[in-house]
Amino acid sequence: MVEPHILGRDSAGHDVLSAYLVRGYSESRKQPYWRFYLLSDLKLLTMLDETFARPRKGYNPKDPRMLKVYCRLERE
């Protein structure tokens, strides 16, 4: 389960989601933490009714890894 923060295109030309993993499975690290998800790798996506109150600590709405931003959360 992730909290999405930025949807855009990275420097390699991939469409990616920058999100904060709050629970669920990850082979690479224990959660919670920030992660980039390649949209082309997503196989099953479910939008939940749950919400989150504000951007997570460490959120940068002007993330330099994003060459193009399609949408993002506004910083408080």
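The values are calculated or read from the model by the stated rules, or taken from the named source; none is laboratory data. Since the structure is predicted, the reported quantities are computational estimates derived from the model, not experimental observations. Here Cβ is always computed from backbone atoms with ideal geometry, including for glycine, and neighbour counts include all displayed protein chains.
The table for this structure:
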{"read-out": "Boolean, GLU50 is modelled with pLDDT under 90 and not in a strand (DSSP E or B)", "value": "no"}
{"read-out": "Region 41-58 residues that are closer than 14 Å to ALA19 by Cα, paired with ones that are surrounded by 10 or more Cβ atoms within 10 Å (Cβ to Cβ) and aliphatic (A, V, I, L, M) (beta carbon under 7 Å, 6 or more apart)", "value": "PRO55/LEU73"}
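Residue-wise test of (1) out of contact with any helix residue (DSSP H, G or I) (no Cβ under 9 Å at 6 or more places or on another chain); (2) at pLDDT below 95; (3) closer than 17 Å to ARG54 by Cα.
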{"position": "VAL2", "(1), (2), (3)": "yes, yes, yes"}
{"position": "HIS5", "(1), (2), (3)": "yes, no, yes"}
{"position": "GLN31", "(1), (2), (3)": "yes, yes, no"}
{"position": "TRP34", "(1), (2), (3)": "yes, yes, yes"}
{"position": "TYR37", "(1), (2), (3)": "yes, yes, no"}
